[in-house]
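Chemist: Here it is, the structure in full.
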Amino acid sequence: MNQSFDVAVIGPGAMGSATLYQLAKRGIRAVGIDRFAPPHAEGSTHGETRITRRGIGEGETYVPLAVRSHEIWRELEAETGESMLFEVGSIVVSEADDNVERPGRTGFIRRSIAAAQRYDIPHEILSADEIRHRFPNLIPGDNEIGYYEPGGGYLMPERCVAANLTMARRHGATIRLGEVVNNIVPDGDGVVISIGGETIRAGQAVVTAGARAGSLLGAPFDRLLKPTRQVMHWFALAPDAPQAWRNSPVYMWPHGEAEDGFFYGFPSLDGVSMKTADEFYGAASDPNAIDRKVPLSDSHRMHAAHLAGRLVGVTNNPIKTATCIYTATPDSAFLIDRHPASPAILVASPCSGHGFKHSAAIGESPAQWAGTAPRPSTSPPSASPGSETDKAPDRGIGSLAGRSRTAREARSPAMV
Ligand SMILES: Cc1cc2nc3c(=O)[nH]c(=O)nc-3n(C[C@H](O)[C@H](O)[C@H](O)COP(=O)(O)OP(=O)(O)OC[C@H]3O[C@@H](n4cnc5c(N)ncnc54)[C@H](O)[C@@H]3O)c2cc1C
């Protein structure tokens, strides 16, 4: 036994680095252990930008998390001097009555508007003409409208993770990089964590291993979590592309009758290209064997399926592509809960491809849990303020309960 801590965070990527920062800030003796060196490009948190907004179309339950996260990022910016949150505006373009079933995004514009109305998030509803006039890089169909949120925009995920880790270190956290956690075994009041030939003892473990959480934790998580390969494309702008690409809001665009009729994108950060992506809901991938090569034909498919006729001044020429990993639950919500076999293990990361904007606040939740209740209580932590969550009519942010008939089956103590 080499070291002991109050809390060990397994995988300080997006959720874990935020957790580590919040733990350390509260004076809790914490260690973060990662197989790579976050921020890195081997998980789910890279590629320059992530959309953020407060009128959350995936479910209004999430709104308090996004609101709180924006506050934390502004605090982090002040503490580190780094810019990471850019409130350039966000727009959802869609038919108003779109109800095509898409994982987590059915009725996306209607639900975004409902969430904004319920939580008084400043927004405007724009007609197709108003969208074309205000944002000349976007060409909506006459039957489409826009949900525009002036406080939406984008985050720079690598900067956010780096800032969390800088602040965590500054507050005394231990960070161990390049070390793979092989298993986490409940032991007495806490857990014993194996890394290589060494063991670390901790009062509690927070598992934020993202796409690799299923394989690390075993059942029921390996059945519930599906990692999928996603591709981001940076297309060259045409020489005469409108200056509007520099000033563009971030956009999300559900369209057509198919499940995969959805894409999103960002303003041009470099003035010569813009980043865009769609979503892949098909077969699961092994996170350790992701095919990183993106054939040109895939970028051409992306352009033809989504961009052509909807965006102005975007060529069919990708200057860069990158692959990343979604980790989806069966209902595309989050999974934040105690391990069924041990209340000393909290799982807090699989966020179904829409978690980054909430990560700063998600990090507060385990820290509050660990800080206020050194011995775990019997109720699962709430990832958002409980009263707000209780008000929301849609499903919760996500616990194990109800996800699987066997989700609550506890296994033997040495289960992971
Ligand atoms: C292409 C793409 C676009 C997205 N767009 C958006 C968006 O616009 N807005 C939004 O809000 N969200 C978006 N998301 C989702 C969001 O980025 C993710 O939900 C979030 O980044 C996941 O963070 P995480 O902490 O769960 O995983 P990660 O950041 O990947 O962290 C997991 C960490 O665990 C470590 N680890 C794993 N196993 C072990 C082990 N056994 N031992 C030690 N360390 C281990 C890994 O090395 C890694 O560092 C997008 C995701 C992708 C892939």
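Chemist: Taking only the range 193-205 into account, find how many residues are within 28 Å of the chain's Cα centre (by Cα) and either surrounded by fewer than 22 Cβ atoms within 10 Å (Cβ to Cβ) or not assigned by TED's automatic domain parsing to the domain that holds Lys25 (or both).
Modeler: Here the count works out to 3.
Chemist: Do we find that Val250 is farther than 23 Å from Pro350 by Cα, within 11 Å of the ligand (Cβ to nearest atom), of a type in the set (A, V, I, L, M) and touching a residue at least 24 places away in the same chain (Cβ under 8 Å) in this structure?
Modeler: The answer is yes for Val250.
Chemist: Moving on. Counting only residues that are in a loop (DSSP other than H, G, I, E, B) and surrounded by 20 or more Cβ atoms within 10 Å (Cβ to Cβ), which one in the range 121-150 is nearest to the ligand (Cβ to nearest atom)?
Modeler: Ile121
Each row is one residue, and each column tells you yes or no for (1) part of a strand (DSSP E or B); (2) of a type outside the set (Ser, Thr, Tyr); (3) in contact (Cβ under 8 Å) with a residue 24 or more places away in the chain; (4) crowded, with 22+ Cβ neighbours inside 10 Å.
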residue: Gly309; (1), (2), (3), (4): no, yes, yes, no
residue: Thr323; (1), (2), (3), (4): yes, no, yes, no
residue: Tyr326; (1), (2), (3), (4): yes, no, yes, yes
residue: Asp331; (1), (2), (3), (4): no, yes, yes, no
residue: Val347; (1), (2), (3), (4): yes, yes, yes, yes
residue: Ser352; (1), (2), (3), (4): no, no, yes, no
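Chemist: A follow-up question, please. Which of the residues spanning the range 1-42 are more than 6 Å from the ligand (Cβ to nearest atom), assigned to a strand (DSSP E or B) and among the charged types (D, E, K, R)?
Modeler: Matches in the range 1-42: Asp6 only.
Chemist: Follow-up. Which condition number in (1) more than 14 Å from the ligand (Cβ to nearest atom); (2) within 21 Å of the chain's Cα centre (by Cα) is the one that Lys275 fails?
Modeler: (1)
Residues are listed down the side, and each one gets a yes or a no for (1) in contact (Cβ under 8 Å) with a residue 40 or more places away in the chain; (2) more than 30 Å from Pro343 (Cα to Cα):
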{"site": "Ser194", "(1), (2)": "no, no"}
{"site": "Thr199", "(1), (2)": "yes, no"}
{"site": "Ala213", "(1), (2)": "yes, no"}
{"site": "Phe221", "(1), (2)": "yes, no"}
{"site": "Leu224", "(1), (2)": "yes, no"}
{"site": "Pro239", "(1), (2)": "no, yes"}
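Chemist: Which residues, taken from the range 271-283, are assigned to a loop (DSSP other than H, G, I, E, B), more than 14 Å from Ala241 (Cβ to Cβ) and of a type outside the set (Phe, Trp, Tyr)?
Modeler: Glu279, Gly282, Ala283
Chemist: A follow-up question, please. When the residues of the range 151-173 are narrowed to those that are part of a loop (DSSP other than H, G, I, E, B) and within 16 Å of the ligand (Cβ to nearest atom), which ends up nearest to the chain's Cα centre (by Cα)?
Modeler: The residue in question is Met156.
Chemist: Residues that are within 30 Å of Ser332 (Cβ to Cβ) and more than 16 Å from the ligand (Cβ to nearest atom), at least 3 per element: which strands (runs of 3 or more DSSP E) completely within the range 186-245 meet that?
Modeler: No strands (runs of 3 or more DSSP E) qualify here.
Yes/no matrix, rows are residues, columns are (1) part of a loop (DSSP other than H, G, I, E, B); (2) at pLDDT below 95; (3) surrounded by fewer than 12 Cβ atoms within 10 Å (Cβ to Cβ); (4) touching a Cys at 6+ places or on another chain (Cβ under 8 Å):
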site: Leu269; (1), (2), (3), (4): yes, no, no, no
site: Ser285; (1), (2), (3), (4): yes, no, no, no
site: Asp291; (1), (2), (3), (4): yes, no, yes, no
site: Ser297; (1), (2), (3), (4): no, no, yes, no
site: His300; (1), (2), (3), (4): no, no, no, no
site: Ala305; (1), (2), (3), (4): no, no, no, no
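Chemist: A further question follows. In this structure, is Pro318 more than 23 Å from the chain's Cα centre (by Cα) and farther than 23 Å from Ala289 by Cα?
Modeler: Yes.
Chemist: Run Thr49 past the list (1) farther than 24 Å from Asp331 by Cα; (2) crowded, with 24+ Cβ neighbours inside 10 Å; (3) near the ligand (Cβ under 10 Å from one of its atoms) and report the number of the one that doesn't hold.
Modeler: (2)
Chemist: I would also like to ask the following. If the requirement is being small (Gly, Ala, Ser), surrounded by fewer than 18 Cβ atoms within 10 Å (Cβ to Cβ) and modelled with pLDDT of 95 or more, which of these qualifies: Ala96, Ala24?
Modeler: Just one listed residue meets the conditions, Ala96.
Chemist: Another question about this same structure. Asp34: of a type in the set (Asp, Glu), assigned by TED's automatic domain parsing to the domain that holds Leu165, touching a residue at least 12 places away in the same chain (Cβ under 8 Å) and buried (at least 19 other Cβ atoms within 10 Å of the Cβ), yes or no?
Modeler: When the stated conditions are applied, Asp34 passes them.
Chemist: Continuing with the same structure: Looking at the range 61-117 only, could you name the residues that are in a helix (DSSP H, G or I), more than 20 Å from Ser17 (Cα to Cα) and either without any contact (Cβ under 8 Å) to a residue 12 or more places away in the chain or assigned by TED's automatic domain parsing to the domain that holds Phe263 (or both)?
Modeler: Those that are in a helix (DSSP H, G or I), more than 20 Å from Ser17 (Cα to Cα) and either without any contact (Cβ under 8 Å) to a residue 12 or more places away in the chain or assigned by TED's automatic domain parsing to the domain that holds Phe263 (or both): Phe108, Ile109, Arg110, Arg111, Ser112, Ile113, Ala114, Ala115, Ala116, Gln117.
Chemist: May I pose another question? Those residues that are surrounded by fewer than 22 Cβ atoms within 10 Å (Cβ to Cβ) and within 28 Å of Tyr281 (Cα to Cα), I need them from the range 236-263; list them, please.
Modeler: Those that are surrounded by fewer than 22 Cβ atoms within 10 Å (Cβ to Cβ) and within 28 Å of Tyr281 (Cα to Cα): Ala236, His255, Gly256, Glu257, Ala258, Glu259, Asp260, Gly261, Phe263.
The values are calculated or read from the model by the stated rules, or taken from the named source; none is laboratory data. Since the structure is predicted, the reported quantities are computational estimates derived from the model, not experimental observations. Neighbour counts run over all protein chains shown; Cβ positions are idealised from the backbone, glycine included.
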